[in-house]
Amino acid sequence: MSKRFNWHIIRAAYIEGGIADETRDAFARIYPTLEEVATLHGASLFTVRNKAASEHWIEQREAFQIEVENARRRSIIERRGDQSERLDDRGLSSAEAGLALVGMRLTWLIQREQREQESQRGVNVDARELTALGLAAKRFVDVKAQILGQSATSAEATVDELERELVVEDRRLAEELVAWIEQRQADEDADDLQDAV
């Protein structure tokens, strides 16, 4: 009496292989040889080779591997799309927060200027701060435009040239601007407290 084999399971073991447990990646698979499949299922290598040849297991395995690779690539593209979308969302949020900060500071400067004029002290707004705030606002608008796929306000060649020169200083300028604004606010608050006393 000849031994009966479950060829469906044997065929699947060879064609589809198995997921590599140590990687925990559904696309990382281990593909056994015909000899390994025969040994695993208690069949002779001769019998498994004949079955594989008559049913074109090698071609089926190659087609399956192509499907797995295509699925892996689609998964990567989807993940990158999700990451890109999250990055765009963060960029927009940061640009909007920066614009709000600039707007708040400009509002505060205007209100302070009005108070100074009313008290006749005649302290003028610092032109350097207004320039820095204007450049910061322009950069935040450019970031938003770039993320949204719109043309940026710095399209002119001269502005592009200036932007390239200032790229290295952007982070330092932003940090100094925030620190300077905080210091100015603290100084103004201290002056307001002294005036109240």
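Bear in mind that the values in this text are calculations on the coordinates, not laboratory data. In this text the structure is predicted, and so the values were computed from the model without any measurement.
Below are the figures for this structure:
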| read-out | value |
| --- | --- |
| Lysines with Cα under 28 Å of K51, excluding same-chain neighbours fewer than 8 positions away | K3 |
| Extension gain, I76 back to Q114 (0.36 nm per residue minus Cα-Cα distance, nm) | 8.0 nm |
| Whole-number D in µm² s⁻¹ for segment 7-77, Kirkwood Cα-pair radius fed into Stokes-Einstein, 37 °C, 0.692 mPa s | 255 |
